1. Do we find a residue being among the β-branched types (Val, Ile, Thr), buried (at least 17 other Cβ atoms within 10 Å of the Cβ) and farther than 30 Å from THR40 by Cα anywhere in the stretch 77-85?
2. Check the stretch 127-143 and report whether any residue there is farther than 30 Å from LEU37 by Cβ and modelled with pLDDT of 95 or more.
3. Just the residues that are crowded, with 18+ Cβ neighbours inside 10 Å and not aromatic (Phe, Trp, Tyr), please, taken from the stretch 40-65.
4. Looking for something part of a helix (DSSP H, G or I) and polar (S, T, N, Q) - is there at least one such residue anywhere in the stretch 30-38?
5. Evaluate the following for LYS98: is it free of Cβ contacts under 8 Å to residues at least 12 places away in the same chain and either over 30 Å from ASP58 (Cα atoms) or touching an Asp or Glu at 6+ places or on another chain (Cβ under 8 Å) (or both)?
6. Looking at LYS22 and the list (1) more than 16 Å from ILE154 (Cα to Cα); (2) modelled with pLDDT under 95; (3) surrounded by fewer than 12 Cβ atoms within 10 Å (Cβ to Cβ), which single condition is not satisfied?
7. Determine which single condition GLY164 fails, assuming it passes every other condition in (1) on the phi < 0 side of the Ramachandran plot; (2) surrounded by fewer than 17 Cβ atoms within 10 Å (Cβ to Cβ).
8. Scanning the stretch 167-194 for residues that are aliphatic (A, V, I, L, M) and exposed (fewer than 13 other Cβ atoms within 10 Å of the Cβ), which turns out nearest to LEU31 (Cα to Cα)?
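The values are calculated or read from the model by the stated rules, or taken from the named source; none is laboratory data. The structure displayed is predicted, hence computed values, not measured ones. Every residue, glycine among them, receives a Cβ derived from its backbone with ideal geometry; neighbour counts consider all protein chains shown.
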Amino acid sequence: MTDAHEQIEHAEHVEHAAHANKGIALLISVLALFLALSETLGKSAQTTAISDNVRASDTWAFYQAKTIRSSALQIASQAMTIESGATGDPKVKEAQGKQIDVWKKESARLDDEPGKEGRKQLMDRANQAEEDRDLALARYHHYETSSAAFQIGIVLASATIITGMTILAWISGGLGVVGLVFMGIGLFAPHAVHLV
C-alpha cells in the first residue's frame, strides 16, 4: 500500500516539475525574444552612430578647407591692400581695388552662404551630426545594458531547471524587467540615464 502511495506521490512530483519546467522554458523563450530585439536595436544604433560620426568628420573637414581658403583670401586681400598703398598708378590701384573687393566678397561668401555650404552652415550641419551621433550612442549603450540583463536572465532561468531553485527564476524574471526598462529608455529617453 505504501509502495503505491509513493508511486502516486512520485508521479505528482514529476508532473509538478514538468509543469514548472514548461514555465521556465516559456520564461527563457520570452527573454530570448527580447534579447533578439535588444540586439537588433543595438546594432542599428551602433551603425547609425558610426554613420553620423563619419558625416560629422567629413563636414568638419569641409569646414576646415573653407576656413583655409577664406584665410588665404583674407591674407591676399591684406597683402594687396598694402601693395596698393605703395602703387602710384591709378589704373593699377583701381584694378587692385577691384581684386580686393572680389576676394573680400568671396571670403564673406565662404563664411556664410544661406541655403548652401558656407562655414556657418557647415558648422551647424557638423554640430547636428555630432548630436545625432551622441543620441545613437546613448541608445546603443542602453540596448547593450538591456541585452546583458536578458542574457544573465536566460542563464539564471536555465540554472533554475538544473538546480530546482525557484529563486533563480524570480531573479531571472526581475532581470527581464530590468532589460525591458533599459530597452524602453533606449527607445524613448536615451539621455534620461547616463551610463558612460
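1. To start, the set of residues in the stretch 77-85 that are among the β-branched types (Val, Ile, Thr) comprises 81-82.
When the remaining residues are screened for being buried (at least 17 other Cβ atoms within 10 Å of the Cβ), the result is none.
No: the stretch 77-85 contains no residue that is among the β-branched types (Val, Ile, Thr), buried (at least 17 other Cβ atoms within 10 Å of the Cβ) and farther than 30 Å from THR40 by Cα.
2. Narrowing the stretch 127-143 to residues farther than 30 Å from LEU37 by Cβ: 127.
Adding the requirement that they be modelled with pLDDT of 95 or more leaves 127.
Within the stretch 127-143, one or more residues are farther than 30 Å from LEU37 by Cβ and modelled with pLDDT of 95 or more.
3. LEU41, GLY42, ALA45, ALA49, ASP52, ALA56, THR59 - these are the residues of the stretch 40-65 that are crowded, with 18+ Cβ neighbours inside 10 Å and not aromatic (Phe, Trp, Tyr).
4. If we filter the stretch 30-38 for residues that are part of a helix (DSSP H, G or I), which is where we start, we get 30-38.
Checking the rest, the ones that are also polar (S, T, N, Q) come to 38.
Looking for residues that are part of a helix (DSSP H, G or I) and polar (S, T, N, Q), one finds at least one in the stretch 30-38, hence yes.
5. Numbers: free of Cβ contacts under 8 Å to residues at least 12 places away in the same chain: yes; either over 30 Å from ASP58 (Cα atoms) or touching an Asp or Glu at 6+ places or on another chain (Cβ under 8 Å) (or both): yes.
Yes: the conditions hold for LYS98.
6. So LYS22 meets the others, but not (1).
7. (1)
8. Just the residues of the stretch 167-194 that are aliphatic (A, V, I, L, M), to begin with: 167-169, 171, 175, 177-178, 180-181, 183, 185, 187, 189, 192-193.
Then keep just the ones that are exposed (fewer than 13 other Cβ atoms within 10 Å of the Cβ); that gives 167, 177, 189, 192.
Values: ILE167: 17, VAL177: 10, ALA189: 22, ALA192: 24 Å.
Per the criteria, the residue is VAL177.
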